[in-house]
Structures are given as structure tokens and as C-alpha cells.
Amino acid sequence: MKSQVITVGRSIKLVVEVVSTNWETDYARKVEEYALLGIPEYWIVDYRGLGGVAFIGKPKQPTFTICQLVENTYIQQQYRLNQAINSPLFPGLQLRLDDILPR
């Protein structure tokens, strides 16, 4: 399997990852990589609550994390079911985690 490589992060405004069984990559490694590339916003959609307790809390539950790049480091804001998601990149966005969960 070939993997995609991002080399110029400035051209990318948003990356969205849907968490799977390799959740460690989405919550740890990619957060660092995308920050180094200068990608302004990174969304982590963990609709099955797979992430580790250190990343999504206890009890584990569906979580939507928005990482906003501030001075080369991501500031993270987590959202749970029934909460309005606030995206600095898309200030007019009206979205909740409930809206994107599989039915």
C-alpha cells in the first residue's frame, strides 16, 4: 500500500482524520506532524470512542476534537454528543457530532 505524503502544509487549511484501530497515530503522531507542516486546523473524528483514555477521557465515548494551530502548537477542543462544534477556520459552521455519526 502506498501512503500519501504532504510536503507543503501551508497549502492545506484542514485535515480530517476518522479514527480507526490505529488511534495512537491520529491522536499523537499526526498531531505533531501536521503542526510542523503548519496546517491551521486538524479534526479528529472518533465516532466509536476508540481513542485512549488519556486522549478522550473516561468514560470513553464518541468524541470530535478540533486542533487549532497557535504559535506552532495545536490547542485542542473536544466535543461530545449534543454539543455544537466551534471551528475557528469555519466560524459559520453549524455542526454537531450527532450530525455525522453513522446511522
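Residue check: is Leu81 under 16 Å from Val16 (Cα atoms) and modelled with pLDDT under 95?
Values: under 16 Å from Val16 (Cα atoms): no; modelled with pLDDT under 95: yes.
Spelling it out, it is not the case that Leu81 is under 16 Å from Val16 (Cα atoms) and modelled with pLDDT under 95.
So that you can scan it fast, the table gives a plain yes or no per residue for (1) touching a Ser or Thr at 6+ places or on another chain (Cβ under 9 Å); (2) at pLDDT below 95:
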residue	(1), (2)
Tyr27	yes, yes
Glu32	no, yes
Leu36	no, yes
Ile44	yes, no
Arg48	yes, yes
Ala54	no, yes
Lys58	no, yes
Phe64	no, no
Gln68	yes, no
key: Residues of segment 16-53 satisfying the condition of being among the aliphatic types (A, V, I, L, M) and touching a Leu at 6+ places or on another chain (Cβ under 9 Å)   = Val19, Ala35, Ile39, Val45
message = Just to be sure before I move on: is Gly49 surrounded by fewer than 16 Cβ atoms within 10 Å (Cβ to Cβ) and in contact with a Lys or Arg (Cβ under 7 Å, 6 or more places away or on another chain) in the structure I sent?
response = yes
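The values are calculated or read from the model by the stated rules, or taken from the named source; none is laboratory data. These figures come from a predicted structure and were not determined experimentally. Positions of Cβ are generated from backbone atoms using ideal geometry, with glycine treated the same way; all protein chains shown enter the neighbour counts.
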